[in-house]
Amino acid sequence: MQVIETLAQGLKRELKVVIPADEMEARMNERLVEVKDRVRINGFRPGKVPVAHLKKVYGKSIMADLVNEIVREKPTEILTSRGEKSATQPEIGMTEDEAEADKILKAEADFEFTVAYEIIPPIELKDASGIKVTREVVDVGEDEVNEQIERIAESARTYESKKGKAANGDRVTIDYLGKVDGEAFDGGKDADAELVLGSNRFIPGFEEQLVGAKAGDEKTITVTFPADYPAANLAGKEATFDVTVKDVAAAAPIEINDELATKLGLESVDKLKEIVRGQIESQFGSITRQKVKRQLLDQLDELYQFDTPERLVDAEFENIWRQINTDLQQAGKTFADEDTTEEEARAEYRKLAERRVRLGLVLSEIGEKAGVQVSDDEMQNSLFQQLRQFPGQEKEIIEYFRNTPGAAASLRAPLFEEKVVDHLLTEVSVTDKKVSKEELTAEDDADEKPAKKTASKKKAAAKADAAEGEEAAAPKRKAPAKKKASDESAE
């Protein structure tokens, strides 16, 4: 077998592999001898079929199997012998000429094929001790815990119907029908909807016009959808809502006690406080972790500069670009609305993709050299987390990960990356800094890469730079009259 390098340009490689016809024939004859005792052909006793006859009957099919085995196994062997790693699955090229292919199957011509691939560039690991990161830490005080418990108690608050006019803080039960230009619009209708006045769950001006209403009242409310309302067909438009008030209920007082804890399935208010404190610490810890990781990745990005495999960058870019276009479509916006052009956006996200691929290769090399491993138990736990997100679809998800090539790797990759980050944090300089909750949760303009700071770009930058876990989906509201999820984060 001959291996001839026909292209070595940057990271791109192409090899021509030639296996002489006599070598292919010898392999075929070995296979024919192996199957001689197993085949059954009329007119011949078992094991007595002449090899020449077997070749005539089965030669081409056996040769086809050999060709498939060679193109499946040889590229990996060849790359290993060359000390190279392919960034993606190598592309195999074979003759498309039927006459030439027939000669190969008859062992009358050399079997030639090409292997095209991009190598993963050699990465020389650098000393990470000069990297310095600041870990922002928030002390969770009693006020923070009590404030969160107040919110929990608010969500569990009971209401009792009352006579008289509705006031802020009361809960009204209403039917409504929304119209724009006299025509009802999709999602603008609901029955027995419960709304706490003053909660700001509906668009501005809606709740205020229900203050003073009584059970049995029918009102027509006029409001204007915000200009940035996510439904483009409603944004900035005036709408009317025909509202029937069916009930007005006053809120019972909030009491933080063991009775509230019992209502929530806990044994005591002390246990409630313990759990809430743990949840807050976990939330703050997650933000701290992402900020530390961002600092680490930014400095690794400055430390390592090398060409990245184009195909990997293409794949990463397509993932980011698909998400960007989905976000714009859902928001009913264009690139012009984001103060950019499609060409500029493509160039910027291409840079993000290159950065993401480069950092991925660096982290992979660091993890490999450090002996970082992802255990079966960790993989199992990750799969269980996936199953919990989709109750009722457990069987389909398990089948997907069992039968889909690369699916298991999609579980392993984020686990491996986080463990590599953990390893790096033992080697770099980490300084703890006490900060307030507001300082920790403040948006960092430096996180927005590239320079333009649109919402969709920020999301892509976060995904490309930090490889964070998926966001929890905000609960979908039933009527478009209600505010978008991002406006309700304080609830």
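The values are calculated or read from the model by the stated rules, or taken from the named source; none is laboratory data. Here the structure is a predicted model, which is why all the values come from computation and not from measurement. No Cβ is skipped: glycine too gets one built from the backbone with ideal geometry, and neighbour counts run over all protein chains shown. Heavy atoms of the whole protein, side chains included, go into the accessibility calculation; ligands, DNA and RNA do not. Shrake-Rupley method; radii C 1.70, N 1.55, O 1.52, S 1.80 Å.
What list of ³J(HN,Hα) couplings, whole Hz, do you get for the stretch 65-70 from phi and the Karplus terms 6.51, -1.76, 1.60, once you set θ to phi - 60° and write x for glycine and proline?
3J(HN,Hα) across the stretch 65-70, in whole Hz: 5, 4, 4, 4, 5, 5.
Net charge near Ala109, counting Lys/Arg +1 and Asp/Glu -1 over other residues with Cβ under 10 Å of its Cβ?
-3
In degrees, nearest 10, range 0 to 90: what is the angle between the Cα axis of helix 394-403 and the longest Cα principal axis of the chain?
Result, in degrees: 30.
If I take R0 = 45 Å and measure r between the Cβ atoms of Thr76 and Asp422 in this structure, what FRET efficiency does the formula 1/(1 + (r/R0)^6) give, to the nearest 0.05?
According to the calculation, E is roughly 0.90.
Extending each Cα 7 Å along its Cβ direction at Asp22 and Ala252, get the distance between those two points in nm, one decimal.
For Asp22 paired with Ala252, the spin-label model returns 9.6 nm.
Would you calculate a helix-derived [θ] at 222 nm for the chain, using -39,500 (n - 2.57) for each DSSP H run of n ≥ 4 and dividing by the full residue count, to the nearest 500?
-15000 deg cm²/dmol
Based on the mean of other beta carbon atoms within 10 Å per residue, what is the order of 70-80, 371-381, most packed first?
70-80, 371-381
Mind pulling the angle between the C-alpha long axis of helix 342-370 and the longest principal axis of the chain? Nearest 10 degrees, somewhere in 0 to 90.
70 degrees
Where does each of 87-95, 242-250, 122-130 land if you order them by average Cβ count within 10 Å, highest first?
Descending packing order for the listed peptides: 242-250, 87-95, 122-130.
How far is the Cα center of the stretch 59-86 from the Cα center of the stretch 92-133, in Å?
10 Å
Can you list the residues, at least 5 places off or on another chain, whose amide H is less than 5 Å from the amide H of Phe111, using H built in the peptide plane?
Residues meeting the amide H criterion: Ile19, Ala21.
Between helix 376-389 and the chain, what is the angle of the helix's C-alpha long axis to the longest principal axis, kept within 0 to 90° and rounded to the nearest 10?
50 degrees
Could you tell me the relative contact order of the chain? Use alpha-carbon pairs under 8 Å, at least six residues apart, and round to a whole percent.
17 percent
Of Lys74/Lys106; Lys12/Lys419; Lys165/Lys219; Lys263/Lys395, which ones are farther than 23 Å apart at the Cα?
Working: Lys74/Lys106 21 Å; Lys12/Lys419 31 Å; Lys165/Lys219 14 Å; Lys263/Lys395 34 Å.
Among Lys74/Lys106; Lys12/Lys419; Lys165/Lys219; Lys263/Lys395, the Cα-Cα distance tops 23 Å for Lys12/Lys419; Lys263/Lys395.
May I ask you to list the aspartates and glutamates whose Cα is less than 20 Å away from that of Lys434, ignoring any residue fewer than eight positions away on the same chain?
Glu136, Asp139, Glu142, Asp143, Glu144, Glu281, Glu443, Asp444
From the phi angles alone, apply the Karplus equation (6.51, -1.76, 1.60; θ = phi - 60°) to the stretch 245-255 and give each ³J(HN,Hα) in whole Hz, x where the residue is Gly or Pro.
These are the phi-based 3J(HN,Hα) values: 8, 9, 7, 10, 10, 8, 7, 6, x, 8, 10 Hz.
Report the FRET efficiency, 1/(1 + (r/R0)^6), for Asn168 and Lys237, where r is their Cβ-Cβ distance and R0 is 45 Å, rounded to 0.05. Mind dumping the intermediate values first?
Numbers: r = 27 Å, r/R0 = 0.60.
The computed FRET efficiency comes out at 0.95.
Output the peptides 430-438, 105-113 sorted from most to least packed, where packing is the average of other Cβ atoms within 10 Å over each peptide's residues.
So the order, starting with the most tightly packed, is 105-113, 430-438.
Hey, any idea what % of the chain's accessible area is carbon plus sulfur with a 1.4 Å probe?
Accessible surface attributable to carbon and sulfur in the chain totals 47 percent.
Tell me, what ³J(HN,Hα) does each residue in the stretch 219-231 have, in order and in whole Hz, if you take phi through Karplus 6.51 cos²θ - 1.76 cosθ + 1.60 with θ = phi - 60° and put x for Gly and Pro?
10, 10, 9, 10, 9, 10, 5, x, 4, 9, 4, x, 7
To the nearest 0.05, what FRET efficiency results for Arg346 and Thr326 with a Förster distance of 22 Å applied to their C-beta separation?
In this case the efficiency is close to 0.90.
When all C-alpha to C-alpha distances in the stretch 272-311 are sorted into bins of 10 Å, what percent of pairs does each bin hold, rounded to whole numbers?
25, 27, 22, 15, 9, 2
Please report the equivalent ellipsoid semi-axes of the stretch 298-353, computed as sqrt(5 x eigenvalue) of the Cα gyration tensor, largest first, in whole Å. Walk me through the intermediate numbers first.
Details: eigenvalues 129, 33, 19 Å².
Sorted largest first and rounded, they come to 25, 13, 10 Å.
Any idea what the dipole of the stretch 103-161 comes to, in debye rounded to 20, about its Cα centre with Lys/Arg Cβ at +1 and Asp/Glu Cβ at -1?
It works out to roughly 540 debye.
Working only with C-alpha atoms, what are the Rg and Dmax values of the chain, expressed in angstrom?
32.6, 104
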